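Data first, discussion second: the structure below is written as structure tokens.
The values are calculated or read from the model by the stated rules, or taken from the named source; none is laboratory data. What you are looking at is a predicted structure, and each value in this text was computed from that prediction instead of being measured. Neighbour counts run over all protein chains shown; Cβ positions are idealised from the backbone, glycine included. Ligands, DNA and RNA are stripped out before the accessible areas are found, and what is left, the full protein with its side chains, is counted by its heavy atoms. Shrake-Rupley method; radii C 1.70, N 1.55, O 1.52, S 1.80 Å.
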Amino acid sequence: MIVLGIETSCDETAAAVVRYDGVRDDSVVLADIVRSQLDEHRAYGGVVPEIAARAHISHLDGLISLAMETAGIGFDDLQGVAATAGPGLIGGVMVGLTTGKAIAAFHGLPLVAVNHLEGHALSARLGKQVDFPYLLLLVSGGHCQLLIVEGVGRYERLGATLDDAAGEAFDKTAKLLGLGYPGGPAVESAAARGDGSRFDLPRPLKGRPGCDFSFSGLKTAVRHAVEALPGDTICATDVDDLCAGFQAAVGDVLADRVKNAIALFRARHPAGGTLVIAGGVAANQALRARQASVAADGGLALALPPPALCTDNAAMIAWAGIERLRLDMTDGLDASPRARWPLDPDAPAVSGTNHKKGGKR
Ligand code: KG4
Ligand code: ZN
């Protein structure tokens, strides 16, 4: 089975081709093309939805052609088309979903309208033996959630952020410290040089019951620490130490919340299981290492997609399409684009179902 994936829900235009050979370990990414719109949005200090949608229109067709060419296949070789149908910036989602529908209709292929979050959620199974059920920590720019994944389309949310997503906190901290956007990689490399114990930063909700998160207080504490520094300018060592302190605090909070989630997972599934960490923040090497010990303490295996599959890409969308096609879960050409689309149908309407990257930051 060969599937074309399309991703346009935020500021990456992406097209990918993934082949599945019947044995899960045999899935192969034949092409994975991602074009970031960083340059288009830089001057505005955040993602501008209208500019994002126009850039997707300009580049998507060319990226799909490139992906097909890279994979060495024609449209007749495809068994399906998977396009992100939400959640995200609605203009961009419409561009990708409409393009996917057009290709599916013209070539008589089944369409899968993929939930972007399901793309992240299933990304650890692309090319790896990760069986259901598993515990998922989904940490990206727009989302921070803990879920039990019982199967494709079967999610139970244990907790979510009450305010900022983890990646959003990285981005806002980076902006405050004069580092570029996206903030995650910049904060990570500064943190590697810094002393994480110099600043005493809070660990919001740590030690409290439940699996919710809160990061806005941490971001504010970084701002207060900057304001308390002597002099008018902030030196490179201060930036490094603040980044290290911030990253250590995020690591502690995630570890504490994951520990509580493991207890809930264990109540449901007494043996076995895996902790999967997905989404852009899962590309952070220090956080990956920190959560490895939490999983081991809880008796869970750990599965982390490679960093390129953590940040937004279309290979994970193609893979989610394959997972659904294998179960005959296809969508009609009337599938609607959705700005909001929680993975868990029982999710509360507001808390934690953040609009992905919420438009202009
Ligand atoms: O999954 P993603 O590409 O987009 C969303 O679906 O939101 O995640 C992007 C987020 C950004 O906030 C970015 O700063 C963060 O992931 N990120 C990182 C790292 N790389 C990307 N955060 C921490 N460390 C990183 N190395
Ligand atoms: Zn994402």
Task: Extreme residue, nearest to Pro110 (Cα to Cα), among residues of the range 1-34 that are within 15 Å of ligand 2 (Cβ to nearest atom) and open to solvent by 30 Å² or more (accessible area, probe 1.4 Å) - done: Asp32
- [ ] Tell me which residues, restricted to the range 140-157, are in a strand (DSSP E or B) and either in contact with a Cys (Cβ under 9 Å, 6 or more places away or on another chain) or farther than 16 Å from Gly119 by Cβ (or both).
- [x] Cys144, Gln145, Leu146, Ile148, Glu150, Glu156, Arg157
Open item on the list: So in the range 35-80, with the set limited to residues that are among the aliphatic types (A, V, I, L, M) and open to solvent by 60 Å² or more (accessible area, probe 1.4 Å), which one is modelled with the lowest pLDDT?
Closed with: Ala43
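For the range 172-185: of the residues being open to solvent by 30 Å² or more (accessible area, probe 1.4 Å) and more than 6 Å from ligand 1 (Cβ to nearest atom), which is farthest from Gly141 (Cα to Cα)?
Gly178
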TODO: Any chance you could count how many residues in the range 201-216 are out of contact with any Leu (no Cβ under 7 Å at 6 or more places or on another chain) and either at positive phi or at pLDDT 95 or above (or both)?
DONE: 8
Task: Single condition Ala165 does not satisfy, out of (1) more than 16 Å from ligand 2 (Cβ to nearest atom); (2) out of contact with any Lys or Arg (no Cβ under 8 Å at 6 or more places or on another chain) - done: (1)
- [ ] Looking for whichever is touching a residue at least 60 places away in the same chain (Cβ under 8 Å), open to solvent by less than 20 Å² (accessible area, probe 1.4 Å) and either assigned to a helix (DSSP H, G or I) or closer than 20 Å to Gly45 by Cβ (or both) here; the options are Ala190, Ala169. Which one fits?
- [x] Ala169
Open item on the list: Just checking, does the range 294-307 include any residue being in a helix (DSSP H, G or I), modelled with pLDDT under 95 and either touching a strand residue (DSSP E or B) at 6+ places or on another chain (Cβ under 6 Å) or within 18 Å of Lys128 (Cα to Cα) (or both)?
Closed with: yes
Task: Complete set of residues in the range 264-306 that are within 16 Å of ligand 2 (Cβ to nearest atom) and out of contact with any Leu (no Cβ under 8 Å at 6 or more places or on another chain) - done: Gly280, Ala283, Asn284, Leu304, Pro306
Open item on the list: Conditions first: (1) in contact (Cβ under 8 Å) with a residue 40 or more places away in the chain; (2) within 16 Å of ligand 2 (Cβ to nearest atom). Arg198 passes all but one, so which condition is the exception?
Closed with: (2)
Open item on the list: With farther than 18 Å from Leu97 by Cβ and polar (S, T, N, Q) as the only criterion, which of Ser58, Ser27, Ser9 stands out?
Closed with: Ser27
